[in-house]
Amino acid sequence: METNRRRFMGLMAAGLMLPVTGVLANTGRSRPLLISAASHANRHWLLGTDDTGATRLHYPLPSRAHHVELHPRQPWVAVAARRPGDYIEVVDYQNGHQIARIPVDPGYLFNGHVVFSDDGRWLVSTEERASDSAGQVVIRDVEQSFAIAERYSTGGIGPHELLLHNNELIIANGGIHTHGREKLNLDSMEPSLAYLDFASGRLNEQVFMPAEHFQLSIRHMDLNPDGILAIAMQYQGDSGDHKPLVALHRRGQPLQLLAAPEAINRQMKQYCGSIRLDSSGQIAAVSSPRGHVVTFWDLPRARFLTMMHCRDGCGLSATGQPGEFLASSGLGHLYRMNPRTHERERLPLDPAAARLHWDHHMKLASV
């Protein structure tokens, strides 16, 4: 591992973020493929559905998965096991072949999210130490059979989603110490956002949840071109409390908490499952599967926009149309939603996909 670390640091210092070899040629003829993890009757798959509703990828997984991430240069998707996870699977979504199955190191757990670097050279995951949930981001070298190049502390416990932007890692430290799925420290949580230098692991900035909201676990996030980070949270306190579940952050500023109107906020059931920005970066969609709603938020004005019903809806993806999203559900449904026009359209799926419980996250690829 030390050899890998030195090699990683050397490449970063020299600025040699080299592209992965064998890049897929762009033929100019492609169609969208919606990729998500899905489950049915204790069996689990990586699912790919095209724009006609036909299933093009039906790849078996060893256990339930959470997040999927596309490689920027190869027709690969990395799927991370649901927390506490023990694998990351990398699959060619064009032919359904396994590229790699990455096991977790002894004493650690995968926490459900991964990203690729922009050049595709590095795969980065959130992990935690099993004994105390201390957070780490782990960087693996794609060209060296996904060998570990570096581990960095996230500055918190229970990290979940991460982003990589301008050579900086942004990590959502959920603040929850767990044993399996059991939560052990709900009275002493410290959720935070951490900004780490990708080359060195240096902590550039960290912002904590205000003390009066210490049980708001930071889970998912997305970043727009103006540097506004949109955040979705899950509340771990009393079921009767009325807490904001969405937040915004700009570098160097405190967290800005946003609440929907009280009736809608309560309908969100203190739980946000996913957050994604539209293609313009101005509107955020936030799913609340327990409340069967998707809420929409105006980022520049930092305010709630509207809500749409989506029973057990969680997975979200932006389309190429500004203001438009796709939303998947645990009932095997797929919707196109546009909060600007208030249109909601259920899209056709073939029976194989419609029987499955779609999981928390999805991505749009081209094939």
Percent accessible area from carbon and sulfur atoms, region 93-227, protein chains only, probe 1.4 Å: 47 percent
How much length would be gained if the chain were fully extended between SER131 and SER280, taking 0.36 nm per residue of separation minus their Cα-Cα distance, in nm to one decimal? 49.4 nm
Over region 163-255, give the accessible area per residue in Å² for a 1.4 Å probe, as an integer. 42 Å²
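Please sort by residue number the trypsin sites (Lys or Arg not before Pro) in region 311-367 whose DSSP state is loop and whose Cβ has at most 13 other Cβ atoms within 10 Å. Walk me through the numbers on the way to the answer.
Details: sites: ARG311, ARG336, ARG340, ARG344, ARG346, ARG355, LYS363; in loops: ARG311, ARG340, ARG355.
Sparse-neighbourhood loop trypsin sites (Lys or Arg not before Pro): ARG311, ARG355.
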Taking 0.36 nm per residue of separation and subtracting the Cα-Cα distance, what length does fully extending ARG266 through ARG202 add? 19.2 nm
Provide the per-residue ³J(HN,Hα) series for region 212-228, in order, calculated from phi with Karplus coefficients 6.51, -1.76, 1.60 and θ = phi - 60°, each as a whole number of Hz, with x at glycine and proline positions. 6, 10, 5, 9, 8, 7, 7, 10, 10, 6, 8, 10, 9, x, 8, x, 8
Report, in deg cm²/dmol and to the nearest 500, the calculated mean residue ellipticity at 222 nm for the chain, where each DSSP H run with n ≥ 4 adds -39500 (n - 2.57) and the sum is divided by the residue count. -1500 deg cm²/dmol
Taking the Cα centre of region 73-116 as the origin, how large is its charge dipole in debye, to the nearest 20, when only Lys and Arg (+1) and Asp and Glu (-1) carry charge on their Cβ atoms? 100 debye
Need one number: nm distance between label points at ALA211 and THR319, each 7 Å from Cα along Cα→Cβ, rounded to one decimal. 4.8 nm
Students often forget the sequence filter, so: which lysines lie under 25 Å Cα-Cα from LYS183 once same-chain residues fewer than 8 apart are removed? LYS243, LYS269
Relative contact order for the chain, counting Cα pairs under 8 Å that sit 6 or more residues apart, in percent: 13 percent
May I ask you to derive the FRET efficiency for VAL367 and HIS342 from their Cβ-Cβ distance with R0 = 41 Å, giving the value to the nearest 0.05? 0.85
Over all directions, region 253-341 yields a Cα convex hull whose mean projected area in nm² is 5.7 nm²
Based solely on C-alpha atoms, express the radius of gyration and the Dmax of the chain in angstrom. 19.4, 56
Most mobile listed residue (GLY273, GLY240, GLY174) in the chain, GNM with C-alpha springs under 10 Å: GLY240
Please report the spacing between the Cα centers of region 64-113 and region 308-327 in Å, no decimals. 23 Å
Run the simple label-point estimate for ALA100 and LYS183 please: 7 Å along Cα→C-beta, distance reported in nm. 3.4 nm
GNM, the chain, Cα, under 10 Å: largest mean-square fluctuation among SER188, SER125, SER117? SER188
So, for the Cα atoms of region 225-277, Rg and Dmax in Å stand at 12.0, 37
Taking only Cα atoms and a 10 Å spring cutoff, compute GNM fluctuations for the chain and point out the largest among ASP238, ASP132, ASP105. ASP238
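The values are calculated or read from the model by the stated rules, or taken from the named source; none is laboratory data. What you see is a predicted model, and the numbers here were worked out from it, not measured in a lab. Using ideal geometry, Cβ is built from the backbone for each residue, glycine included, and neighbour counts are taken over all protein chains shown. Only protein heavy atoms, including side chains, enter the accessible area calculation; ligands, DNA and RNA are left aside. Shrake-Rupley method; radii C 1.70, N 1.55, O 1.52, S 1.80 Å.
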